[in-house]
Amino acid sequence: MTNANDYKWRRDKDGMGVWEHRGKVAIVGQGHSPVDRRWDGVSMDKTLGAYSMLACQKAMDEAGVTADQIDGVICCDSHIAGPSGGSASKWAPRPYFAPPYDSEWGLTLVNAQWLIKNMGLKNVKFAPTGLPTISEMVGMAAQAVGDGLCTTCLMIYPCGNLEGRYRRGGENADDYAKGARQWTVPWGNHGGNDFINIFPHEQYCRKYGGQHDDLAPFVINQHKNGMLTPWGFNATHGIDPITVDDYVNSRFILRPLRIWDCDRPVQTSTALLFTTADRAKDMKQKPVYVLNHNQYNFKKRSTQESLDEIELWTDTAAKRMYEGAGLQPKDVDIFNPYDGYSIMTQFYLEAFQWHGVKRGDALKFYAGDISVKGPHPFSSSGGNLGTGRTRSAMYTDSIEQLRGTAGARQVTVRAETALAAFTTPSNGGWIMLGKHPS
Amino acid sequence: MEVGLHRAAPILTIPLPLKGREANIKGDTSLAKLISFDIDGTLETGDPPGRITMVMVRQVQALGYIIGSCSDRTVSHQKRMWQQHGIEVAFTVLKHRLDEVKAQYAAEHYVHIGDTNMDKYHAELHGFTYYFPDNSIDHLWEPI
């Protein structure tokens, strides 16, 4: 099978111009599995593999595509729960089950090969390995279809979670930071944005004014939007919407980061179906066209990012995206940035200047009307904070908004273009979608 | 637009005037024991469900313990949970607010039962005896 590293699909440089396949690739199907808090270790119809197959089937059914038509499978084959997640991300040393659950594959990991075998996808000719997260996979799928490596491509993002301390197992559970870790992760974990973004967030408040708890309206709105997202964890589990009092009295995870600033790890899988614009015309769903995709992995000066760096990186990401899509900030109707930690979202909002928000304006913007029925329906998906740590709500909401099928979340403003991402300021990617191919 | 939010007063459920409870308000010399229950991973109503059933909660309350919940679940959720099960509790607080329980109730012994290291951390920080919800807590259900 093709290794992802062998295929030069990334758009990760400045000055690449308008994407050569702009409007020639479309998303025609999407599927969400149920969103559980964790796998219970018993229900074989709720494993990560079973949920991934279900998500694929939903995406195919939505588009009216059969298994024999699938010729591309792009599936993230790593742990969202982290390689050092311990029991939260690895089933072993517990005994495995009967095939196809006789290894970690299907339980805590899913890849294209496992899906091809267990879904009977006999005509797949493009199924790379060593794949990144959904932020980059959507770009890879779009590029692969545009380049003709495949014509009808499933992209799958499995998010697993078992019992145990999420990302706090393995070396992170050790009482000692051994070797190089004494310099890089002396607190046991430095990989999450919980730590990395705290410092620049506080720099942000000092530079532009405001305080951490000014994020409350944004976080509360994410929860509201999440309750309008029928498949999400919050909606399917009756999670109470939170109030300002709930927010400002909540426990600090890492001061000033509060528990409601953090997303909730879940067990779920999402699939998107990409095809050519020509093929999309004959499928069941109204196509949503890909207008551009970009990626980046900016070099850090140290283990600690600064506000200056983050503003430079996010400005660069926005510039690349607008250039590749041939659009400007005023052209973007739906804006679904990442919110895995609420403290980073303002950096994206200001960089992309959605609805005219400039550097230092985000907290004031949050205090206005950002509801889905208002004039500035910011993050209409509810993001991770409103649906669970799926990292996919931003994409599927964007698709539904452009189709006009977002139901109670459907915005009342124009919905012809959408920007969506799962990304950190330094690493990830964006995708621009359009209701029309040009 | 002006930014900044007013910080609300600390949340602590005002104890209902239940029979026998007033005797345990600080200042009285008659001391009971107090148990604080985490919810997720501890009570059967949690996510994941824990080992402690609502029947067990009623039993320990009948033994004379002052009981309540201490969780990251919102206070409104905690109150609703207890109401749905018809159990009147003395307190419903957020996980980092155990100190307020101790300030409000004089007890011979303060116990917090929860399944995470955060339960242990906050319990020990505020002078509660911490128990993981396994068979190490069975002795609490013996008559006091």
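The values are calculated or read from the model by the stated rules, or taken from the named source; none is laboratory data. Worth saying up front: this structure is predicted, and the values here are computed from it rather than measured. Don't worry about glycine lacking a Cβ; one is built from the backbone with ideal geometry, like all the others, and counts go over all protein chains shown. What goes into the accessible areas is simple: the full protein's heavy atoms, side chains included, and nothing from ligands, DNA or RNA. Shrake-Rupley method; radii C 1.70, N 1.55, O 1.52, S 1.80 Å.
Please enumerate, by chain and number, the lysines with C-alpha under 30 Å from the C-alpha of A:Lys122, excluding those fewer than 8 residues away in the same chain.
A:Lys8, A:Lys24, A:Lys46, A:Lys58, A:Lys90, A:Lys281, A:Lys284, A:Lys286
Run the dipole for the protein assembly as shown about the Cα centre, Lys and Arg Cβ at +1, Asp and Glu Cβ at -1, nothing else charged, and hand back the magnitude in debye, nearest 20.
For this selection, approximately 720 debye.
Which residues of segment B:58-75 end up with at least 10 Å² less accessible area in the presence of all protein chains than when their chain stands alone, using a 1.4 Å probe?
B:Asp72, B:Arg73, B:Thr74
Along segment A:255-270, what does the Karplus equation 6.51 cos²θ - 1.76 cosθ + 1.60 (θ = phi - 60°) give for ³J(HN,Hα), rounded to whole Hz, x for Gly and Pro?
These are the phi-based 3J(HN,Hα) values: 3, x, 5, 9, 4, 6, 7, 10, 7, 10, x, 9, 10, 6, 8, 10 Hz.
What list of ³J(HN,Hα) values in whole Hz, one per residue of segment A:224-231 in order, does the Karplus curve 6.51 cos²θ - 1.76 cosθ + 1.60 (θ = phi - 60°) give from phi, with Gly and Pro shown as x?
Along segment A:224-231, the couplings run 4, 5, x, 6, 9, 10, x, 7 Hz.
For segment B:34-137, what's the relative contact order in percent, using C-alpha pairs closer than 8 Å and at least 6 residues apart?
That works out to 28 percent.
If you count only protein heavy atoms with a 1.4 Å probe, what accessible area per residue comes out for the protein assembly as shown, rounded to a whole Å²?
Heavy-atom SASA per residue in the protein assembly as shown reads 39 Å².
Can you give the mean number of other chain Cβ atoms that lie within 10 Å of the Cβ atoms in peptide A:259-269?
Numbers: counts 5, 2, 0, 0, 0, 1, 0, 0, 0, 0, 0.
Taking the mean over all residues of the peptide, I get 1.
For B:Asn135 and A:Ser78, what is the calculated FRET efficiency with R₀ set at 35 Å and r taken between the beta-carbons, to the nearest 0.05?
Between B:Asn135 and A:Ser78 the formula returns 0.40.
For B:Ser76 and B:Glu142, what does the FRET efficiency come to when R0 = 51 Å and r is the distance between their Cβ atoms, rounded to the nearest 0.05?
0.90
Using 7 Å Cα-to-Cβ label points, what is the A:Arg251/A:Ala180 separation (nm, one decimal)?
3.3
Just to confirm my numbers, what's the Cα centroid distance between segment A:196-219 and segment A:354-433 in Å?
When both Cα centres are located, 20 Å separates them.
Please enumerate, by chain and number, the lysines with C-alpha under 30 Å from the C-alpha of B:Lys33, excluding those fewer than 8 residues away in the same chain.
Cα-Cα hits under 30 Å: B:Lys19, B:Lys79, B:Lys95, B:Lys102, B:Lys120.
Quick one: buried accessible area between A and B, total over both chains, 1.4 angstrom probe, nearest 100 Å²? Walk me through the numbers before you get to the answer.
Numbers: alone 16830 and 7950 Å², together 22780 Å².
Roughly 2000 Å² of accessible surface disappears when A and B pair.
How would segment A:346-437 be classified by its alpha-carbon gyration tensor: rounded, prolate or oblate, with rounded meaning a/c under 1.5 and the a/b versus b/c comparison settling the rest?
rounded
Highest first, please rank the peptides B:84-97, B:52-65 by the mean number of other Cβ atoms sitting within 10 Å of their residues.
B:84-97, B:52-65
Could you work out the relative contact order of chain A, using alpha carbon pairs under 8 angstrom and six or more residues apart, expressed as a whole percent? Spell out each step's value before the answer.
Numbers: 1026 pairs, mean separation 104.1, N = 438.
For chain A, the relative contact order is 24 percent.
At A:Gln203 and A:Asp40, where each label point lies 7 Å from the Cα along Cα→Cβ, what is the point-to-point distance in nanometres?
Modelled inter-label distance: 4.7 nm.
What is the extension gain from A:His237 to A:Asp278, computed as 0.36 nm multiplied by their sequence separation minus the C-alpha to C-alpha distance, in nm to one decimal?
Here the segment from A:His237 to A:Asp278 would lengthen by 10.8 nm.
Put a dot 7 Å past each Cα toward the Cβ at A:Gln113 and A:Tyr96; how far apart are the dots in nm?
1.2
What does the C-alpha gyration tensor say about the overall shape of the protein assembly as shown? Classify as rounded when a/c is under 1.5, otherwise prolate if a/b is larger than b/c, or oblate.
prolate
Given the options A:Pro241, A:Pro377, A:Pro265, which has the most mean-square fluctuation in a GNM of chain A, springs set between C-alpha atoms less than 10 angstrom apart?
Checking each option, the largest mean-square fluctuation is seen for A:Pro241.
What list of ³J(HN,Hα) values in whole Hz, one per residue of segment A:385-396 in order, does the Karplus curve 6.51 cos²θ - 1.76 cosθ + 1.60 (θ = phi - 60°) give from phi, with Gly and Pro shown as x?
Ordered by residue, 3J(HN,Hα) equals 5, x, 10, x, 7, 8, 6, 10, 4, 4, 7, 6 Hz.
Per-residue mean of other chain beta-carbon atoms within 10 angstrom of the beta-carbon, peptide A:239-251?
Whole-number average of other-chain Cβ neighbours for A:239-251 is 5.
Inside 10 Å of the C-beta atoms of A:211-219, what's the mean count of C-beta atoms belonging to other chains?
2
So which lysines can A:Lys358 reach, going by Cα to Cα under 30 Å and dropping same-chain residues fewer than 8 places off?
A:Lys13, A:Lys207, A:Lys224, A:Lys299, A:Lys300, A:Lys319, A:Lys330, A:Lys373, A:Lys435
Take the Cβ-Cβ distance between A:Trp187 and A:Ser302 as r, set R0 to 25 Å, and report the resulting FRET efficiency rounded to the nearest 0.05.
Computed FRET efficiency for A:Trp187 and A:Ser302: 0.95.
Rolling a 1.4 angstrom probe over the protein chains, ignoring ligands and nucleic acids, what is the accessible area of A:Lys281 in square angstrom, nearest 10?
It works out to around 140 Å².
Which of rounded, prolate or oblate describes segment B:34-137 when judged by the alpha-carbon gyration tensor and an a/c cut-off of 1.5?
rounded
Between segment A:86-111 and segment A:65-84, what is the separation of their alpha carbon centroids in Å?
If you average the Cα positions of each part, the centres end up 16 Å apart.
I want to make sure I understand the PRE zone here: with the label point 7 angstrom from the Cα of B:Asp47 toward its beta carbon, which residues in segment B:113-144 have backbone N atoms less than 19 Å away?
B:115-116
Output the peptides A:135-145, A:37-47 sorted from most to least packed, where packing is the average of other Cβ atoms within 10 Å over each peptide's residues.
Details: A:135-145: 26.0, A:37-47: 15.5.
Final packing ranking: A:135-145, A:37-47.
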